[in-house]
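The values are calculated or read from the model by the stated rules, or taken from the named source; none is laboratory data. Keep in mind it's a predicted model, so treat the numbers as computed, not measured. Counting neighbours? That spans all protein chains shown, and the Cβs are built from the backbone with ideal geometry, glycine included. Quick note on the areas: whole protein, heavy atoms, side chains included, nothing else; ligands and nucleic acids left out. Shrake-Rupley method; radii C 1.70, N 1.55, O 1.52, S 1.80 Å.
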Amino acid sequence: MTAASKITLIRIVLIPLFMIAMYLSAGQAGLWMYISLGIFLIASVTDCIDGYVARKYNQISDFGKFLDPIADKLLTISAMTIYTEWGIFPAWALMIVLAREFAVTGLRLLAVQKGKVIAAGWSGKVKTACTMVGLCAMMLLSGMDIFVWLNPVVIGVIIVTTVYSGVEYFIRNWKCLM
């Protein structure tokens, strides 16, 4: 296993710790929410680090191309799911995110059957970055009435980038469906 893949695994291991800290925060600003944010930030930064290590040290692998987007999905969906449970992130928005993720994963599986690996595209990376930054902002500014407008904006950005990147994956890889 490459160093880049080990870094990706760190992101996956951090997810349960993040979720525990989020639940301990009970959605309120304070120590546990900031611990949640810290864990989420560290996990998010590993996304940049594993990609950098993979490219710099020529450790790009099919396993890494497979594992990295799964780790991203698990991290971001864990946060969105908790926010949905708390009534902050609408269930319909979470469903759009989940539908896109399942559809793109299905497309990737079809591609693998045809001997092709679909790596993360640029729009998918933008979607992931916007989602991670937006969720960090929601954690950082939770409970601050002055930022009451933030959550709907973050949710809107997540939905737009999710739908756009999902459509782009299918347009670029439509031959895998044939």
*At what distance in nm do the modelled label points of Trp92 and Cys48 sit from each other, each positioned 7 Å from its Cα along Cα→Cβ?*
3.5
_4 °C / 1.567 mPa s Stokes-Einstein diffusion coefficient of the chain, Kirkwood radius on C-alpha pairs, µm²/s_ = 77
*Candidate lysines for bridging to Lys6, where Cα separation is under 29 Å - those fewer than 8 sequence places away on the same chain excluded*: Lys56, Lys65, Lys73, Lys114, Lys116, Lys125, Lys127
*Would you work out which of Ile146, Trp92, Ala26 lies farthest towards the positive end of the dipole of the chain, given +1 charges on the beta-carbon of Lys and Arg and -1 on that of Asp and Glu, about the Cα centre?*
Trp92
*Are there trypsin sites (Lys or Arg not before Pro) in segment 47-127 that DSSP puts in a loop and that have at most 15 other Cβ atoms within 10 Å, and which ones?*
Lys114, Lys116
_Heavy-atom SASA rank of Phe102, Phe170 (probe 1.4 Å, accessible area, largest first)_ = Phe102, Phe170
*Considering only Tyr34, Tyr57, Tyr164, give the residue with the highest GNM mean-square fluctuation for the chain, with springs between Cα atoms whenever their separation is below 10 Å.*
Tyr57
*Per-residue accessible area for Val117 at 1.4 Å probe radius, Å² rounded to 10?*
60
_Under a crude label model (7 Å from the Cα following the beta-carbon direction), how far is Leu41 from Ile20 in nanometres?_
2.1
*How much accessible area per residue does the chain have, in Å², with a 1.4 Å probe?*
53
*Hey, any idea what Rg/Rh is for segment 1-100, computing Rh the Kirkwood way over Cα pairs?*
1.04
*With charges only on Cβ, +1 for K and R and -1 for D and E, what is the dipole size of the chain about its Cα centre, in debye, rounded to 20?*
740
*For the chain, with all protein chains present and a 1.4 Å probe, just round the carbon and sulfur fraction of the accessible area to a whole percent.*
74
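What size of dipole, in debye to the nearest 20, comes out for segment 1-89 about its Cα centre when the only charges are +1 on Lys and Arg C-beta atoms and -1 on Asp and Glu C-beta atoms?
Here the size comes out at about 200 debye.
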*Please compute the net charge surrounding Arg11, taking Lys and Arg as +1 and Asp and Glu as -1 over other residues with Cβ under 9 Å from its Cβ.*
-4
